[in-house]
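Notes follow the structure.
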Amino acid sequence: MTEIHTPTPRVAFELLMAGNQRFVAGTPEHPNQDATRRTETAPSQQPFAVLFGCSDSRLAAEIIFDRGLGDLFVVRTAGHVAGAEVLGSIEYGVSVLDAPLVVVLGHDSCGAIAAARATADGGKVPGGFVRDVVERVTPSVLAARAAERDQAEEILAQHIESTVDLLLERSRALAERLAEGRLGVVGLSYRLADGSAQLVASRGLDAAAPTAS
């Protein structure tokens, strides 16, 4: 199953969401997962989206979006916290591989967000490098609460939105492509129980998409 090469940001988004709808419905097509696709993509790759998501074991990108080899350029960290290496990886997917879409993928029951909420409430700060993850999520918790958005799903949405903004603020390469109409950046919130990905933030798509209910 070969897809359109270098689709528009909107087409790339629709392609991604169609796969999620198949996953939710229990009718996956498992595209681009055969030996033919393996051979096709061996010399080079041309993913239609860069997916920056949480490392949670329940967020396997190619499964929940029903995609295959060469479709998604995936970057993952706990709590989808973004440092220099993450920004460089995303820029590589966009600037070198020419992906027209960047997706920030968060999810409910996120351990990093729960730890940041507990820390903000005066709880014990985790040790080791886990502390760094929590410290990077905490500003989103505080921003949500400052806006009187203290429910778990509201804090998650704030963290996703903040991450989308951070990528565009820190990366000139992403911001320039967005301004040129060559890139879309979206934030999705994944629901573990039903497998659906809901849109919570959108930059650069040429039309409105279904929003979270």
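The values are calculated or read from the model by the stated rules, or taken from the named source; none is laboratory data. The structure displayed is predicted, hence computed values, not measured ones. We place every Cβ from the backbone using ideal geometry, glycine too, and count neighbours over all the protein chains shown. Accessible surface areas use protein heavy atoms only, side chains included; no ligands, DNA or RNA. Shrake-Rupley method; radii C 1.70, N 1.55, O 1.52, S 1.80 Å.
Just a few scattered comments:
- Selection from A115, P126, L15 lying farthest towards where the dipole of the chain points positive, charges on Cβ: P126
- Debye log10 I(q)/I(0) at q = 0.08, 0.14, 0.15 Å⁻¹ for the chain, Cα point scatterers: -0.27, -0.82, -0.94
- Among beta bridges that DSSP assigns inside the chain, antiparallel share in %, nearest 5: 25 percent
- FRET efficiency, 1/(1 + (r/R0)^6) with R0 22 Å, evaluated for A60 and A84 via beta carbons: 0.30
- Our estimate of slack between A42 and A143, defined as 0.36 nm per intervening residue step minus the Cα-Cα distance, is 31.9 nm.
- Two-site FRET efficiency, L97 against K124, from Cβ-Cβ distance with R₀ of 45 Å, rounded to 0.05: 0.60
- Only protein heavy atoms count here; under a 1.4 Å probe, E29 has an accessible surface of about 110 Å².
- Relative contact order, percent, segment 83-171 [alpha-carbon distance under 8 Å, six or more residues apart]: 30 percent
- Packing, taken as the mean count of other beta carbons within 10 Å per residue, orders the peptides 126-137, 110-121 from highest to lowest as 110-121, 126-137.
- Separation between Cα centres of segment 119-154 and segment 17-45, rounded to whole Å: 36 Å
- Of the solvent-accessible surface of the chain, computed with a 1.4 Å probe and all protein chains present, 53% belongs to carbon and sulfur.
- Surface per residue (accessible, 1.4 Å probe) for the chain, Å²: 48 Å²
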